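Notes follow the structure.
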Amino acid sequence: MAKYKGISIVIPVYGSFDINRVLRCIDSIMIQKGVEKEIVVSEQGETRKFPDIEGIKHIFTYHKPKPNLSDFNPGKIRNIAIMNSTEDYIYTIDADIILPDPYFLKKLLNVLKKNPKKVLYRPLMKRLPRDNF
């Protein structure tokens, strides 16, 4: 089996995102056990809104949005984050997702180590509904 260094978790955010949702997502990543991890928040907007948090890499990309916010480009800001990631594996996650299993990332990496050509699908996750805030 190949040795791996760790996993970079990329979280794209845009415009007037709900910071509470992002922080809950980050909390669920921080409690992941048994794996080296790097959290990269990639933000796109007119002004930086994500706070400095120790241990979280933040990348801000300036973008003046159209009035209806229809021009958000999560692929672009994910790619910017990926280019600035340092771990061997990349996992992208939306800011309103919580990983309920504290060993999810470890299990994911174990599957990839044993089956490097395997394609993975979206696991059981909990999406945060707006009424929770």
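The values are calculated or read from the model by the stated rules, or taken from the named source; none is laboratory data. Nothing here was measured: the structure is a model prediction, and the numbers come from that model. All Cβ positions, even for glycine, are placed from backbone atoms using ideal geometry, and neighbour counts span all protein chains on display. These accessible areas exclude ligands, DNA and RNA; they are computed on the full protein's heavy atoms, side chains included. Shrake-Rupley method; radii C 1.70, N 1.55, O 1.52, S 1.80 Å.
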Under 15 Å from the Cβ of Lys33, count the other residues' Cβ atoms, weight Lys and Arg +1, Asp and Glu -1, and hand me the total. 0
What number comes out for the charge environment of Pro12, summing +1 per Lys or Arg and -1 per Asp or Glu over other residues with Cβ under 12 Å away? -1
Between Asn84 and residues 5 or more places away or on another chain, the pairs with built amide H atoms under 5 Å apart involve none
Please compute the net charge surrounding Gly45, taking Lys and Arg as +1 and Asp and Glu as -1 over other residues with Cβ under 12 Å from its Cβ. 0
Starting at the first residue of segment 89-97, write each ³J(HN,Hα) from the Karplus equation 6.51 cos²θ - 1.76 cosθ + 1.60 with θ = phi - 60°, in whole Hz, x for Gly and Pro. 10, 10, 10, 9, 9, 6, 5, 10, 10
Percent accessible area from carbon and sulfur atoms, segment 46-107, protein chains only, probe 1.4 Å: 53 percent
With every protein chain left in place, what is the accessible area per residue of segment 37-112 in square angstrom, probe 1.4 Å? 55 Å²
Karplus-derived HN-Hα couplings along segment 98-114 (A = 6.51, B = -1.76, C = 1.60, θ = phi - 60°), whole Hz, x at Gly and Pro: 10, 8, x, 9, x, 10, 4, 5, 4, 4, 4, 5, 5, 4, 5, 5, 6
